Amino acid sequence: MLENTAQSKLDADNLRGMGWMGISVLGASLMAIAVRGVSHEISSNMIVFYRATIILAFMLAALAVSRKTRQAMRFSRPWLHVLRGSLIGFATMMGYYTIASIPLATGTVLFFTAPIFATVINMFLHGERVGPRRIAAIVLGFLGAVIILRPDVGHIELGMVTAIGSSMCFALALSLSRNLASADGAVSTFCSSIFFTVL
């Protein structure tokens with residue numbers, strides 16, 4: 001009976017996680033389309049600034065009206081928060097430049113290198129074990145990125161380079177998020193919005 005209850009809870013959690021992932025993918029897709037459209041009117045850096053300002057306004061409003069949210073804020077490792085926020089800021093700036101300057105299909109494929117970088121980084125930062133299947137996937141992923149980056153000899157667009165740079169920064173920020181979320185809680189990681197605006 002207990003095993004059935006535990007399995008049911010696990011299945012429900014998995015379904016909930018899949019639902020949130022679907023919403024996340026849909027949101028990211030809509031964001032990319034919106035950034036691409038708006039980039040004809042204003043620069044990618046200004047788009048990042050507007051986004052950061054809006055997020056910061058919502059965060060400050062939440063802190064103002066919710067005592068529970070204020071109490072959940074703690075920064076035991078302030079410099080890690082600064083580093084993480086800066087990485088996300090640079091990742092966003094490079095990512096938006098990529099979306100604005102190269103075809104969305106190419107940029108999206110290159111953004112998929114972020115999990116590859118995250119896997120490699122976690123091997124060193126967190127000592128995670130990576131089996132032969134994952135190693136093979138990493139190698140194949142890098143080969144795919146190289147093929148995209150060099151469609152012909154001597155022709156690499158800046159947007160392709162910024163896509164890889166964005167993925168690297170985002171992967172490192174994700175790795176840092178794991179430590180910070182454990183130490184300070186998920187609410188505190190929203191402080192990254194402040195560094196968005198500063199950058």
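A compact table of results
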| read-out | value |
| --- | --- |
| Tail beyond 16 Å, pair distance distribution of the stretch 46-98 (Cα, percent) | 57 percent |
| Separation of the R178 and A57 label points, Cα + 7 Å toward Cβ, nm | 3.6 nm |
| Cα radius of gyration and Dmax for the stretch 10-115 (Å) | 16.8, 47 |
| Contour minus Cα-Cα distance for F124 and I23 (0.36 nm per residue) | 33.3 nm |
| Mean projected area (nm²) of the alpha-carbon convex hull when the stretch 16-68 is viewed from all directions | 5.0 nm² |
| Sites I42 and A136 - FRET efficiency at Förster radius 30 Å, r taken between beta-carbons, to 0.05 | 0.10 |
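Each reported figure results from applying straightforward, stated rules to the coordinates on display, with no laboratory input. What you see is a predicted model; the values in this text were computed from it and never measured. In this analysis, Cβ positions are derived from the backbone assuming ideal geometry, glycine residues included, and neighbour counts consider all displayed protein chains.
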